[in-house]
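The values are calculated or read from the model by the stated rules, or taken from the named source; none is laboratory data. What you see is a predicted model; the values in this text were computed from it and never measured. We place every Cβ from the backbone using ideal geometry, glycine too, and count neighbours over all the protein chains shown.
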């Protein structure tokens with residue numbers, strides 16, 4: 001390999017490594033937003049609302065959010081238990097035994113949330129989708145760099161064979 005080809009090969013190797021690192025980092029971000037994003041999208045796919053009864057309230061040890069456990073009845077008559085995490089600053093006064101508005105998916109009633117928590121999860125959908133897009137673009141860049149490196153190596157091998 002001559003010097004120009006070696007420099008291009010090294011540049012492509014750096015690009016591949018940065019693409020792989022970006023994929024790992026953005027993949028971690030995507031995994032962190034996955035549960036809320038999938039739940040939000042499932043509920044939005046076939047939206048239904050109900051009124052549930054609060055069974056238990058738990059406050060986070062740092063006071064950032066509240067976890068609400070509730071029971072509600074679907075339109076088909078099934079009783080479903082659910083749980084939602086709500087940021088404390090946007091939480092209204094909740095108390096055990098009180099009614100709470102629930103949204104759920106008709107197709108997948110296990111995907112359910114308190115209406116305030118559902119609104120808070122919309123941002124996670126965007127994070128999830130942009131992360132997925134970033135991984136796809138980074139993967140394409142990785143493959144493209146690999147193919148160019150392969151062509152450079154083949155040309156170098158061919159020249160070396162012809163010279164011998």
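Data overview
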item	result
Residue within the range 125-134 that is surrounded by fewer than 18 Cβ atoms within 10 Å (Cβ to Cβ), within 20 Å of residue 15 (Cβ to Cβ) and out of contact with any helix residue (DSSP H, G or I) (no Cβ under 7 Å at 6 or more places or on another chain) present	yes
Residue within the range 76-83 that is under 24 Å from residue 122 (Cβ atoms) and either in contact with a helix residue (DSSP H, G or I) (Cβ under 6 Å, 6 or more places away or on another chain) or at pLDDT below 85 (or both) present	no
Output for the range 112-123, where each listed residue is in contact (Cβ under 8 Å) with a residue 24 or more places away in the chain and under 16 Å from residue 67 (Cα atoms)	112, 113, 114, 115, 116, 117, 118, 120, 121
Residue 152 being modelled with pLDDT under 90 and farther than 30 Å from residue 10 by Cβ	no
Output for the range 74-111, where each listed residue is surrounded by 15 or more Cβ atoms within 10 Å (Cβ to Cβ) and either on the phi > 0 side of the Ramachandran plot or free of Cβ contacts under 8 Å to residues at least 24 places away in the same chain (or both)	83
Residue that is touching a helix residue (DSSP H, G or I) at 6+ places or on another chain (Cβ under 6 Å) and either surrounded by 14 or more Cβ atoms within 10 Å (Cβ to Cβ) or not in a helix (DSSP H, G or I) (or both), where the choices are 18, 12	12
Tally of residues being over 38 Å from the mean Cα position of the chain (by Cα), part of a helix (DSSP H, G or I) and surrounded by fewer than 12 Cβ atoms within 10 Å (Cβ to Cβ) across the range 135-164	7
